[in-house]
Every structure is written in structure tokens, then in C-alpha cells.
Amino acid sequence: MRILGIVLAGGQGKRMKSKLYKVMHPVCGKPLVGHVVDVLDEIQADRKIVVVGHGAETVKAYLGDRAEYALQAQQLGTGHAAIQAEALLEGDDGIAIITFGDTPLISGDSLKEMIRLHSESGAAATVMSAKLDNPFGYGRIIRNADGDVVGIVEQKDCTEDQKRINEINTGICCFDKRKLFEALKQVKNDNAQQEYYLTDVIGILNGQGDKVVGYITADATEGMGINDRVQLSEAEQAMRARINRRHMLNGVTIIDPSHTYIEKEVRIGSDTVVYPGTVLKGRTVIGEECQIGPHADITDSTVSDRVAIQHSVLLEAEVGEETTVGPYAYLRPGARLGRQVKIGDFVEIKNATLGEGTKVSHLSYVGDAQVGKNVNVGCGAITVNYDGFNKNLTVIGDDAFIGSNVNLIAPVKIGEGAYVVAGSTITHEVEPGDVAIARERQTNKPGYAEKLRQRFKANKAKKS
Ligand code: UD1
Ligand code: CA
């Protein structure tokens, strides 16, 4: 049976009070609608049609060729949105599965289970419901005395009795495709919101004697719909808990999951320990047996095995095995650290490759540089990579020693094993094995300190 996925994502999301369209609001770093399309991918849906309206171009630009698009020019309700997919599905038959772009927590397993139940029971429609302690705002599932689903009533159309029903419509449902579109044509908008409700299809099918089945999700959070920022934060929390749990079951220690923020695509090797305050984003990959955090903020970076990162920010960086970073380091795009490198406190690395065993222990800036192996960059040494117009390259050979507070004025090259004396400002190439000293020679004036003090004192008295 073909699975025809339809995602309704055309609403504006007024209750978000935002310039950003609702389905583009991120949960754990990914727009709501992205999570929903992920799940359709997971169940290998044969078609994925996203109904777009508000922010159509933004949603299309984000999803790209992951989906097909049907435009709902005016937002007249979920039933009206669903009907927009009909033209694209002409000539295609199977199970139409409707999901909402604002329901990001649905899991592939639940969808599969629902489809299985739908197929086995030969139903015309299967509705996914959930039991909530606080059902306010959701459509309620109406069952008859035998427990069969006979209809769905929206919050705003509920009687007082119906408001007490705690089984809610998640909005996710599957249908015999033909029956869905036939029934949608009969939906009217004579309700509190004057909208064409998708949910009315359930009553219509039931009324014409078609079988409607209810599938209650075991995990009620899966049905959470995001209408406002409170629900957005609740979804974030639920999704985060789910992601953290997956990593823990895979062998990652997370000291305090309630203070650890890991986006969906991040990968972490086993026996890595993640300390509180850590934020792992984008396509970050962390190796095995690492110590990450406390307070590591890592985006789109690759970290090898047995690395320790404390109180640091990494963006598009690569970190080799057994390297240590921080506390308080900043690795910016293009920072590529080899094995057993040491990056200490208040060090910034940008667009620079550092070879195995190299140490930049304190208070340095290394930008636009190629640094060899076992180089020591002393405290406060910096590359002067920018002249106000161009970014220039610094090359440092293996085993070189760069003393404290050295300025390397790029473009400049320091040869293998060379030794640059502390406090030097280097403007010319240093050949391999040479010592470079580029600073004023010191002069001492014996006993002069007291004379100097007297002079300053006299000056001050004169002024006042
Ligand atoms: C809907 C359901 C409700 C269910 C709840 C679950 C209906 C009538 N109501 O209510 O039973 O309990 O979801 O979260 O179906 N959309 C469009 N075009 C429109 C209107 C909406 O594409 O004209 C999209 C929205 O972008 C959104 C989804 O459909 O992703 C749901 O719309 P929303 O307005 O949030 O419906 P709810 O009031 O939450
Ligand atoms: Ca909603």
C-alpha cells in the first residue's frame, strides 16, 4: 500500500505573536515542520506533500526538494488545507496520512503502528488520539456507547459535557485516500470559527457507515500541538528529554539531562561524559571517551576521541584525539587541531591548522595560520593577521618556540625549530633553527629610581 504523506503547514500561527511563521519556529534547533518531514522520511512515505500558505516561500526554501508543495492561498481551515493536496495526488492511491506542521513530537514508531492498525482493521479513517490531563484547546474525540469514534468536536464548539472529555485529537490521522477527498467536499464551515475543519470528515465518514478507528498514543507528548510560546517551550523540553535519553541509552553519560541541550542531528560516541550547561548544535560529531563541558557550546564541529573541552565555544572547528580545549577558549570556523594539542585559557583560534602536540596555553590569538607539530606558543603571543584590508598568513614550522607576547606580523614565516624570543615583534621570515630577537635592548640606570620619584613629586606640586 502506498503511503501518501500530507503535512498541513499553511497557518500563520497568530498565537505565536511572531514575525516568523509558526512552522518555522525551531524546537531543538530544527523548525517544527522539519521534524514532521523527518518522521515521514523515517516511515518511508511514498509521497510527502506540504501544504503551504503563510510564509510559503520561506517554508519551501527551507525544505527544498525534500517535499512537494501545494499552495493554500487563503487559510480557511485544516479541511480546506487538506483538499489542496488533491490535485497532486490525482491518479495515486493508497493511505493518505495527514500530519500537522505544528506537531513535531510525533514518532515514526507511532505512525507505523497507526498505519498497521488502519490497514488491519480495514478502516476508512484512523485518528490518533491522546489522553491529556489538560485537554484545553484541542479537539475532543467523541465515542459512542460501544467505544467507537463517531466524531471530533473542536474546543470552541464543545458543550460543557464535551469539554470534560480528556481524549483529544492529535490531528494526525490516516485515511483511505479516495474517501478522504470525497468526504472533504462535504465539509461545511458552519462552526464557531467559520472554518472548514478536517475533523468533520470523521463525523461524515461515520455518518455514511464507514469504519472509523481510534489509535491512542501511549506517550501523550507525541500529540503536542504548538500554538504559542508556552507550548513551544514544553515541546522543546519534551524533545530534549527524548534526545538525551537516546544518547544515554547509547552509552553516553549525561550528568544532568535537564541542563544539557543537544540538537537532533548531533552524534556522540560511547563513554563520553557530558557535563551541565553544554549545548551541542547542528552537525556536531563527538567521539568516544570525551569529557564535554561543563559549559561547552559546540556548533557544527567534529571532535575526535578522548578530547576534553571545558567552558569553551566551538564553531565549525575540528579537534583531534586527546586534545584539550579551555577553559575559556574560542575555536572559530576553520580551526583544525591535531592530536594531543593543548588550547588553554582565553585563546582564540580561527582558520588555522595546528599540528600534533602543539600548545597554545594562554591568552593568544592564532588566526590565518599553519602551525606545525610540537610548537609552543607562549602566553600572550598573537598572529597579526589583518592590516585593515587583507588577511595574511602566518606559517610556523614544527618544533618552533614562540615566546610570550610575541607579535607575528603576517605574512610571515617561522622556520622549523626556530626560537622567537619573548616580546619580539616579527616582521621578517625566521630561518629554520635560528633565534630571532626583535625588541629594544634594556638599559638600567643604577639608583635612579629615587631621583625619578623626586622629579615626579616636584612636577605634581607645581601643577596644584
Ligand atoms: C487542530 C485540530 C484539533 C486538534 C489540534 C491538535 C482541526 C479543525 N482542529 O486544532 O482537533 O486537537 O489541531 O494540535 O483540524 N493549517 C493550514 N491551513 C489552515 C489552517 C491550519 O495549513 O487554513 C495548518 C496549520 O499551519 C497547523 C495545522 O494546520 O500546522 C493545525 O492548525 P491549527 O490552527 O493549529 O489547529 P488547532 O486549532 O491547533
Ligand atoms: Ca495547532
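A compact table of results
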{"quantity": "Relative compactness, the range 3-223, computed as alpha-carbon Rg over 2.2 N^0.38 Å", "calculated": "0.94"}
{"quantity": "Percent of Cα-Cα distances greater than 35 Å, calculated over the chain", "calculated": "50"}
{"quantity": "Solvent-accessible surface (1.4 angstrom probe) belonging to K156, in square angstrom, nearest 10", "calculated": "140"}
{"quantity": "Protection-proxy order for peptides 10-21, 241-252, each taking the mean of Cβ atoms within 10 Å per residue, highest first", "calculated": "10-21, 241-252"}
{"quantity": "Largest-first ellipsoid semi-axes for the range 229-436, taking √(5λ) over the Cα gyration tensor eigenvalues, angstrom", "calculated": "37, 16, 12"}
{"quantity": "For peptides 34-46, 369-381, sequence by mean Cβ density within 10 Å, most packed first", "calculated": "369-381, 34-46"}
{"quantity": "Protein-only accessible surface order, largest first, of E160, E222, E440, E321 at 1.4 Å", "calculated": "E440, E160, E321, E222"}
{"quantity": "24 Å Cα-Cα reach of K48 towards lysines, excluding residues that sit fewer than 8 places from it in its own chain", "calculated": "K22, K30, K60, K112, K177, K179, K185, K264"}
{"quantity": "By average C-beta atoms within 10 angstrom, highest first, the peptides 287-293, 226-232", "calculated": "287-293, 226-232"}
{"quantity": "Straight-distance crosslink candidates among lysines, where the alpha carbon sits under 24 Å from K462 and sequence neighbours closer than 8 are dropped", "calculated": "K451"}
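The values are calculated or read from the model by the stated rules, or taken from the named source; none is laboratory data. The shown structure was predicted, so the numbers you read here are calculated from the model rather than taken from an experiment. Note that each Cβ is placed from the backbone with ideal geometry, even for glycine, and that neighbours are counted across all protein chains shown. For accessibility, only protein heavy atoms count, side chains too; no ligands or nucleic acids. Shrake-Rupley method; radii C 1.70, N 1.55, O 1.52, S 1.80 Å.
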